[in-house]
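A.B. asks: Here it is: the structure, laid out below.
Each value in this text was obtained by applying a stated rule to the coordinates, not by laboratory testing. Note that the structure is a prediction, hence the values are computed from the model and not measured. Reconstructed Cβ throughout: ideal geometry from the backbone, glycine too, with neighbour counts over all protein chains shown.
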Amino acid sequence: MAANAGVTLPAGSYESVDPLTGLLGSSLNGTWTLQICDMWALDNGFLCGFSLDFDPSLFPGLTEFTPVYGNACDSTWWTGPNITSTSGNCDQICVTPPGVGNFNYVYHATDNFGCTYDTTVTVTIIPGPTVDAGAVKPSAHRAMCS
């Protein structure tokens, strides 16, 4: 008698009931749906795993690049309210917020491939302290000047 005693399928590779030749020439891009039909009534229909292996020649060659940013304001810049000045290479700004509140400033960059990136910096201006020294009391002592 087999080690699995006829209760489970032996481990191994199994093939489709229908030929997969209909997939020849199909694009690898897009959504793929795997449909599995459990045709063996004696089990619980549990799938432990599956895989699809594609011929490596189907994949295009890997393209690598390192983005380059200019050292002037032609490829990096800031946007936001009340920017009063910008450094020569646009990596620093001075701002004069009009009062209390949150102010968003966005740093933009475009690399040599035309890809754009940005990040937002929020500056929070809080109310200044309120100083209260109490009421002014007249002094009984007078300063003496000679």
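A.B. asks: Kindly rank 22-33, 105-116 from highest to lowest mean number of other beta carbons found within 10 Å of each residue.
C.D. replies: Descending mean neighbour count gives 105-116, 22-33.
A.B. asks: How many percent of the alpha carbon pairs in the range 76-125 exceed a separation of 18 Å?
C.D. replies: Every Cα pair in the range 76-125 considered, those over 18 Å come to 32 percent.
A.B. asks: Something else now. In nm, to one decimal, how far is the THR86 label point from the TRP40 one, both placed 7 Å along Cα→Cβ?
C.D. replies: 6.7
A.B. asks: Going by average Cβ neighbours within 10 Å, how do the peptides 118-130, 92-104 rank, with the highest at the top?
C.D. replies: 92-104, 118-130
A.B. asks: Let me ask you something else. Distance in nm between label sites at THR96 and LEU52, each 7 Å beyond Cα in the beta-carbon direction?
C.D. replies: A separation of 6.1 nm, rounded to one decimal place.
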